[in-house]
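Asker: Below you will find the structure I want to go over with you.
The values are calculated or read from the model by the stated rules, or taken from the named source; none is laboratory data. Remember, predicted model here, so these are calculated numbers, not experimental data. Glycine also receives a Cβ, built like all others from the backbone with ideal geometry; neighbour counts cover every protein chain displayed.
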Amino acid sequence: MLPNAVLILAAALGAAAHYTLPKLGAGADWQYVRKADNFRDNGFVGNVASEQIRCFQSTLTGAQATLNVTAGSSVTYGASPSIYHPGPMQFYLARVPDGQDVSTWKGDGAVWFKVYHEQPNFGAQLTWPSNGKSSFTVPIPKCIKSGFYLLRGEHIGLHVAQSSGGAQFYISCAQIGVTGGGNTEPSSEYKVSFPGAYKASDPGILININYPIPTSYKNPGPAVFSC
């Protein structure tokens, strides 16, 4: 019985070390965020070529509601529990084409542009500002067009990323309606598709953060778009 008990404890500890990204604003879990496949087990996406790398959904299911936000403001994205692993937090937006339903739009194609990513603090080890936190401020660019968007939250766990496929992606997509925007459409240099934006060999994905300690870090994906 003891070996079984040890295995059960190990599994429980492993699940506790993982997390979801289920909350936007003051809403309940999975109210404005599409329910990700890890909503029960706190699992992660390990294959950057998988369709799950987009919104962590094997089957598209819309969120319960869409949160209205004003361009130029910010929204709070929440993790449950707090971010445990070292690695960067990143956020992307994708505008839903006019006339399409935000609840059923897939977000396929080169439509995603990055609005935030974080760099580590360098020293005896790499530490990221997101580590240990459960809420994150996401800027909504003032110049982007009004309309419906998917807001993609992503945290990349790099604790075992020294081997290909070792990086752990914790992902979800929220539904927002942006008002008071401008007329700017991010250019193609800022736009990527999921899957397609990342390769398993990207230096910000395949990296040993433990030894030798890196002195620089290149975030995967495009540059951050700003107005």
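Asker: Checking the structure you have, find out if any residue of region 81-97 is free of Cβ contacts under 8 Å to residues at least 12 places away in the same chain and not hydroxyl-bearing (Ser, Thr, Tyr).
Answerer: Yes, region 81-97 contains a residue that is free of Cβ contacts under 8 Å to residues at least 12 places away in the same chain and not hydroxyl-bearing (Ser, Thr, Tyr).
Asker: Take Ser74 and decide whether it is at pLDDT 95 or above, more than 25 Å from Glu118 (Cβ to Cβ) and among the polar types (S, T, N, Q).
Answerer: No; evaluated as a whole, the condition is false for this residue.
Asker: Report the residue count in region 184-208 for those that are among the aliphatic types (A, V, I, L, M) and either touching a residue at least 60 places away in the same chain (Cβ under 8 Å) or outside any loop (DSSP other than H, G, I, E, B) (or both).
Answerer: Looking only at that region, the number is 4.
Asker: Do you know which residues across region 192-222 are more than 13 Å from Trp112 (Cβ to Cβ) and either under 15 Å from the mean Cα position of the chain (by Cα) or small (Gly, Ala, Ser) (or both)?
Answerer: Result: Ala200, Ser201, Gly204, Ile205, Ser216, Asn219.
Asker: Suppose the filter is more than 23 Å from Thr76 (Cα to Cα), in contact with a Gly (Cβ under 8 Å, 6 or more places away or on another chain), in contact (Cβ under 8 Å) with a residue 12 or more places away in the chain and basic (Lys, Arg); does Lys218 pass it?
Answerer: On the way: more than 23 Å from Thr76 (Cα to Cα): yes; in contact with a Gly (Cβ under 8 Å, 6 or more places away or on another chain): yes; in contact (Cβ under 8 Å) with a residue 12 or more places away in the chain: yes; basic (Lys, Arg): yes.
Yes.
Asker: Cβ contacts < 8 Å: first residue at positive phi and in contact (Cβ under 8 Å) with a residue 12 or more places away in the chain, restricted to region 159-173; second residue buried (at least 23 other Cβ atoms within 10 Å of the Cβ) and not in a loop (DSSP other than H, G, I, E, B), any location; separation 6+ or different chain. Result?
Answerer: none
Asker: Exactly one of these conditions fails for Pro129: (1) under 30 Å from Ala17 (Cβ atoms); (2) touching a residue at least 60 places away in the same chain (Cβ under 8 Å). Give me its number.
Answerer: The failed condition is (2).
Asker: Taking region 181-204 as the search range and keeping residues that are in contact with a strand residue (DSSP E or B) (Cβ under 8 Å, 6 or more places away or on another chain) and among the charged types (D, E, K, R), which one is modelled with the lowest pLDDT?
Answerer: Glu185
Asker: Search region 101-157 for residues being over 17 Å from the mean Cα position of the chain (by Cα) and not in a loop (DSSP other than H, G, I, E, B), and hand back the single one that is surrounded by the fewest Cβ atoms within 10 Å (Cβ to Cβ).
Answerer: Asn121
Asker: Output the residues belonging to region 184-223 that are of a type in the set (Phe, Trp, Tyr), over 19 Å from Val96 (Cα atoms) and surrounded by 16 or more Cβ atoms within 10 Å (Cβ to Cβ).
Answerer: Tyr198, Tyr217
Asker: Out of all the residues in region 167-183, is one or more crowded, with 19+ Cβ neighbours inside 10 Å, within 30 Å of Ala26 (Cα to Cα) and touching a His at 6+ places or on another chain (Cβ under 7 Å)?
Answerer: Yes; the residues of region 167-183 include at least one that is crowded, with 19+ Cβ neighbours inside 10 Å, within 30 Å of Ala26 (Cα to Cα) and touching a His at 6+ places or on another chain (Cβ under 7 Å).
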